[in-house]
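The structure under discussion appears below in the form of C-alpha cells.
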Amino acid sequence: MADLVTTFAQTARRRGDATALITRQETVGFAELERRADAFAARCAAKGIGKGDRVILAMPVGIDLFTALAGAWRVGAVVVFPEPAMGLRGFLHAVRVTRPKALIATGAYRLLRLLPAFWGRACLGPRPGGAGSFAPVTLEAGDPALISFTSGSTGAPKGIVRSHGFLMAQNAAVSPLLVSDSDEVDLVAFPVFTLVNLAAGRASVLPDWRLNRPEEVTPEGLAAWIRETGVTRALLPPVLCERLSAAENRGALHTVFTGGGPVLPQLVDRLQGLRVVSVYGSTEAEPIAELDWADADAEARAEMLAGGGLLAGQPVPEVQLRIVDDEVQVAGAHVNDGYLDPAMDAGIKLREGGTVWHRTGDAGRLDDRGRLWLLGRYGAIATRDGARIYPFAVEVAAMGLPGVRRAALWQGDGAIRLAIEGAGADMAACDALADRFGIDGVTMVDAIPMDRRHRSKVDYTALDGLMRG
C-alpha cells in the first residue's frame, strides 16, 4: 500500500536539496528532512516505541513537528495531536483518552514530562544533528496513523482516528486544489496542507506566529513574512485573511486559499488583486467543497446578500454529499467513519449498508448547478410558527450592510434577535433586514464571540450567555 512515509521518501529522492520547509529559524530541504526523520525513528525504536504505540506531540508548528511526525510513522507509532486551542486542558484531555506510551516534546513543552501521567515513560524529541537509521515498518491501509480532536465547541473534544489509508485518501482529495504549473512557495497555516506539500515536493513556509493566537498577527507582520520568504500563495483562516486585506505590500503573493470558517464576499472583495479560493470542510471531513471566487458571478453574490446563504462551491469529486432535512451529510474515503470512543458515534455517524454518512451539523442546500450553499450551524437555526430562519441567510445578508463587522442570529427567552457588531452600523438598515426575516429586533454588542480554534466562526454557546447576560 502507498503511504505517506513511502511518499515522503520518494519525494526526498526526487527533490533532494530543494527547499521543503522554511521557518524563522532555519530552512531545510527534502533530503535533510528525510534524514532527520530517519534519525528520529531510530531514537524512537531505541526507546522501545513500535508499531501501534501511541505517542503524544507537544511542540509548536515547525520543522521539528514534521520531523517527529514522519519519524514516528516510520516505526508505526500512532501520533496524538491535542487540540491546541484548549491549551493545557486539551492536552490533559488527550492524555486521558489516549493513554500515550511516550511524550514527544521540544523546548519548554518538555516540562510536561513532570506530569504524573509521564512518570517512568519516555520523553524524547527530534535533534537536528542526530544520527541513526531505521528501516520503515510495513504499513497497511487500516493501521492507525494519528489521533486528533474536534474543537470541543459543542461538548468534550472528540478523538478522531485517522488511518494511513485515510491520510492517503485525504492527500488525493486535497492535492488537486493545490496543483500549479508554476513553482509556488506556500505560506501554510493548516498542518494538513503542509503534509500535502511535503508529499508533492512543494516548498512550505510555516507561520512565524502561534496558531492558537491569530489575534497577535498584524497586517504589517504578516505581509513582511510573506515578502521575506518569497511566498506566492497563502493558506490562511479567514481571520488572518482579514489582516492580510489591510496589508499594503504583499510581495509576490497572488493566491489565497482559506477555510476553517465562513468566507464572505465582503472579505473576498477586500483581498482585491488576489485570487481567492475557499475550501469548506470539517475536522472529520476535509475537504468537502471548494470555490474559486472568480466563479462567483453577480447573480450568486446578489443571492447571498438577499438571504440565500453562503456559496461554498462544488463538492470535491472524492466526496459523496447529500442533504437530509436541510443538513449536509457526507461520506467517502477521506471522511472519518467513527470516533475514538464509539459511544460518540451515536446520532452523528449513520451506517447504511457499507456506507458511513457523517452528519456535519451544518445546514445547507444544493442549487440546480450542483453547488453547495451553506445555511449555518444546524443547531443555530431559529424557528417561528414551524418555519425555519437560517443563521447564514440572515448573517451573510447583514454583513453586507454598511458598518456591520459581524452578525449572529440568536433565539432565546421567547424571542429571535440579530446581534450586530460594528460601531458604525446603519441601524435603520439592520432593523429593516430584521423585519424582512421576521426577527424581533437588533441588539448591538461590543464583540460577537468567535471559536477558539480559528477565531472565524460564531461561538453560539458563548453568544447565548452574552445575550442572556
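Being assigned to a loop (DSSP other than H, G, I, E, B), in contact with an Asp or Glu (Cβ under 7 Å, 6 or more places away or on another chain) and within 30 Å of residue 2 (Cα to Cα) is the filter here; which residues of region 200-211 pass it?
Within region 200-211, 202 is the sole residue that qualifies.
Determine, yes or no, whether residue 130 is in contact with a Gly (Cβ under 9 Å, 6 or more places away or on another chain), surrounded by fewer than 21 Cβ atoms within 10 Å (Cβ to Cβ) and part of a loop (DSSP other than H, G, I, E, B).
No.
Going by the structure shown, is residue 121 on the phi < 0 side of the Ramachandran plot and without any contact (Cβ under 8 Å) to a residue 40 or more places away in the chain? It would help to see each step written out before you state the result.
Numbers: on the phi < 0 side of the Ramachandran plot: yes; without any contact (Cβ under 8 Å) to a residue 40 or more places away in the chain: yes.
It is true that residue 121 is on the phi < 0 side of the Ramachandran plot and without any contact (Cβ under 8 Å) to a residue 40 or more places away in the chain.
Tell me which residues, restricted to region 136-148, are touching a residue at least 24 places away in the same chain (Cβ under 8 Å) and assigned to a loop (DSSP other than H, G, I, E, B).
Step one: list which residues in region 136-148 are touching a residue at least 24 places away in the same chain (Cβ under 8 Å), which gives 136-137, 139-141, 143-148.
Answer for region 136-148, where residues must be touching a residue at least 24 places away in the same chain (Cβ under 8 Å) and assigned to a loop (DSSP other than H, G, I, E, B): 136, 137, 139, 140, 141, 143.
Filter region 435-462 down to the residues that are hydrophobic (A, V, I, L, M, F, W, C), modelled with pLDDT of 95 or more and outside any loop (DSSP other than H, G, I, E, B) and list them by number.
437, 442, 444, 445
Would you be able to say whether some residue in region 330-339 is on the phi < 0 side of the Ramachandran plot and without any contact (Cβ under 8 Å) to a residue 24 or more places away in the chain?
Yes, region 330-339 contains at least one residue that is on the phi < 0 side of the Ramachandran plot and without any contact (Cβ under 8 Å) to a residue 24 or more places away in the chain.
Restricting to region 212-234, name every residue that is touching a residue at least 24 places away in the same chain (Cβ under 8 Å), loosely packed, with under 14 Cβ neighbours inside 10 Å and part of a helix (DSSP H, G or I).
The initial filter retains those residues of region 212-234 that are touching a residue at least 24 places away in the same chain (Cβ under 8 Å), namely 212, 214-215, 217-220, 222-223, 225-227, 229-234.
Next, only the ones that are loosely packed, with under 14 Cβ neighbours inside 10 Å stay: 215, 218, 220.
Passing the criteria: 215, 220.
Within region 63-94, track down each residue that is outside any helix (DSSP H, G or I) and more than 18 Å from residue 196 (Cβ to Cβ).
Pass one, region 63-94, residues outside any helix (DSSP H, G or I): 75-83.
Listed by number, the residues that qualify are 75, 76, 77, 78, 80, 82, 83.
Select from region 284-303 the residues that are out of contact with any Gly (no Cβ under 6 Å at 6 or more places or on another chain) and not in a helix (DSSP H, G or I) and write down the one among them that is farthest from residue 163 (Cα to Cα). Step through it out loud before you land on a result.
We begin by selecting, within region 284-303, every residue out of contact with any Gly (no Cβ under 6 Å at 6 or more places or on another chain); these are 284-286, 292-303.
Checking which are not in a helix (DSSP H, G or I) leaves us with 284-286, 292, 296-297.
On the way: 284: 13, 285: 13, 286: 14, 292: 30, 296: 36, 297: 39 Å.
Applying the filter and picking the extreme gives 297.
Would you please list the contacts, defined by Cβ atoms under 8 Å and residues six or more apart or on different chains, that run from a residue in region 444-469 that is closer than 23 Å to residue 87 by Cα to a residue that is surrounded by fewer than 16 Cβ atoms within 10 Å (Cβ to Cβ) and not aliphatic (A, V, I, L, M)?
If the second residue must be surrounded by fewer than 16 Cβ atoms within 10 Å (Cβ to Cβ) and not aliphatic (A, V, I, L, M), the pairs left are 455/215; 460/379; 461/154.
Looking at (1) closer than 24 Å to residue 22 by Cα; (2) crowded, with 23+ Cβ neighbours inside 10 Å; (3) not polar (S, T, N, Q), find the lone condition where residue 251 falls short.
Condition (2) is where residue 251 drops out.
Would you point out which residue out of 148, 182 is of a type in the set (Ser, Thr, Tyr) and closer than 29 Å to residue 379 by Cβ?
Working: 182 fails: closer than 29 Å to residue 379 by Cβ.
Being of a type in the set (Ser, Thr, Tyr) and closer than 29 Å to residue 379 by Cβ holds for just one of 148, 182, which is 148.
So, residue 319, is that one outside the structural domain of residue 458 (by TED's automatic domain parsing) and either surrounded by fewer than 17 Cβ atoms within 10 Å (Cβ to Cβ) or touching a residue at least 60 places away in the same chain (Cβ under 8 Å) (or both) or not? Please lay out each step first, then the result.
Working: outside the structural domain of residue 458 (by TED's automatic domain parsing): yes; either surrounded by fewer than 17 Cβ atoms within 10 Å (Cβ to Cβ) or touching a residue at least 60 places away in the same chain (Cβ under 8 Å) (or both): yes.
The answer is yes for residue 319.
Looking at (1) over 20 Å from residue 333 (Cβ atoms); (2) in the same structural domain as residue 68 (by TED's automatic domain parsing); (3) not hydroxyl-bearing (Ser, Thr, Tyr), which is the one condition that is false for residue 213?
Looking at each condition in turn, residue 213 falls short on (2).
The values are calculated or read from the model by the stated rules, or taken from the named source; none is laboratory data. In this text the structure is predicted, and so the values were computed from the model without any measurement. Cβ sites come from the backbone with ideal geometry, for glycine too, and all protein chains shown count toward neighbours.
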